[in-house]
Ligand code: CMP
């Protein structure tokens with residue numbers, strides 16, 4: 001594998017060339033087709049995954065059997081670290097939302113890297129802190145807000161994770177399907193459809209196929225961020 005590919009991966013971006021070269025030899029590349037269950041909740045975990053290209057959703061099921069989407073992860077994100085770090089079972093399911101290629105790192109290799117390269121451990125801790133913040137906000141949002149606000153907050157999360165900003169507007173490409181947005185917002189697909197229409201009518205967003213543009217991002221952040 002070309003070690004230059006690893007340069008873009010935030011976990012590894014601070015490493016010197018020799019180290020990247022070494023890591024490129026221990027990572028195992030694998031491809032999953034859309035809808036494949038990559039990690040199953042409660043399984044034993046023995047590897048960490050880094051997304052080279054594609055998108056996955058992290059899900060759990062509520063007592064009523066409904067899918068709750070905890071997060072959507074994309075290029076260069078990692079998952080599967082939790083059970084490697086605390087030795088417990090997998091905390092959630094991870095399912096490919098599209099054809100996804102990953103690099104896999106085994107537990108002994110991850111521990112070796114974390115011990116020999118503190119910058120990798122720090123990058124991982126930073127990302128974990130970001131995820132806890134996002135989850136804290138998500139929990140607060142679910143308990144306090146009305147459906148419009150919850151859908152807005154989900155759009156805000158998506159914009160942070162996968163949006164590109166230009167001239168004060170943020171564009172999110174390949175927006176998840178309305179059912180997935182509903183499962184991220186604790187609401188129904190019908191409510192998401194209604195809320196997106198409402199946000200469109202208020203000229204807060206523009207929708208074109210699976211692309212959503214948030215018109216005035218600083219205003220949007222004030223309202224939903
Ligand atoms: P692990 O528990 O090994 O397997 C499931 C993975 O889903 C977990 O590691 C994390 O990588 C990921 N995960 C679990 N909860 C969240 C969350 N709230 N946000 C983002 N990723 C998560």
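Annotation: the antiparallel percentage among DSSP beta bridges lying fully within the stretch 76-225 is about 100. Fully extending the segment from residue 137 to residue 43 would add 31.1 nm, taking 0.36 nm per residue of separation and subtracting the current Cα-Cα distance.
Summary of the geometry: the stretch 46-105 and the stretch 153-198, compared by the centres of their Cα atoms, lie 20 Å apart.
Axis angle, to the nearest 10 degrees, between helix 17-26 and the longest C-alpha principal axis of the chain: 90 degrees.
Expressed in nm to one decimal, what extension gain is obtained for the pair residue 112 and residue 7 from 0.36 nm per residue of sequence separation less their Cα-Cα distance? Please report the intermediate quantities before stating the final value.
On the way: separation 105, 0.36 × 105 = 37.80 nm, distance 1.93 nm.
Using 0.36 nm per residue and subtracting the Cα-Cα distance, I get 35.9 nm.
Relative contact order for the stretch 146-224 using alpha-carbon pairs under 8 Å, separation at least 6, rounded to a whole percent? Intermediate results must be reported in sequence, preceding the final value.
Details: 98 pairs, mean separation 27.9, N = 79.
About 35 percent, as a whole number.
The spacing between the stretch 5-28 and the stretch 119-150, judged by their C-alpha centroids, is 27 Å.
Look at the alpha carbon pairs under 8 Å that are at least 6 residues apart: their mean separation over the length of the chain gives a relative contact order of 18 percent. Distance between the pseudo-spin-label points of residue 63 and residue 130 (7 Å out from Cα toward the beta carbon): 3.5 nm. Per residue, the chain reaches -13500 deg cm²/dmol at 222 nm when only DSSP H runs of four or more residues are counted, each adding -39500 (n - 2.57). FRET efficiency for the pair residue 34 and residue 222, taken as 1/(1 + (r/R0)^6) with r the Cβ-Cβ distance and R0 = 45 Å, rounds to 0.80.
Express the Stokes-Einstein translational diffusion coefficient of the stretch 90-225 in µm² s⁻¹, to the nearest whole number, given a Kirkwood radius over alpha-carbon pairs, 25 °C and a viscosity of 0.890 mPa s.
Translational D for this selection: 146 µm²/s.
Over the C-alpha trace of the stretch 146-224, radius of gyration and Dmax come out as 11.2, 33 angstrom. For the chain, a Gaussian network of Cα nodes joined below 10 Å ranks 99, 43, 201 by mean-square fluctuation, and the top entry is 201. Measuring r between the beta carbons of residue 144 and residue 190 and using R0 = 22 Å, the FRET efficiency lands at 0.50.
Here the Debye sum runs over all C-alpha atoms of the stretch 3-139 as equal scatterers in vacuum, and log10 of I(q)/I(0) at q = 0.09, 0.15, 0.16, 0.20 Å⁻¹ comes out as -0.26, -0.74, -0.84, -1.32.
Any read-out appearing in this document is the output of simple, stated calculations on the displayed coordinates, not a laboratory observation. Predicted model, so just to flag it, every value in this text is computed and none were measured. Neighbour counts run over all protein chains shown; Cβ positions are idealised from the backbone, glycine included.
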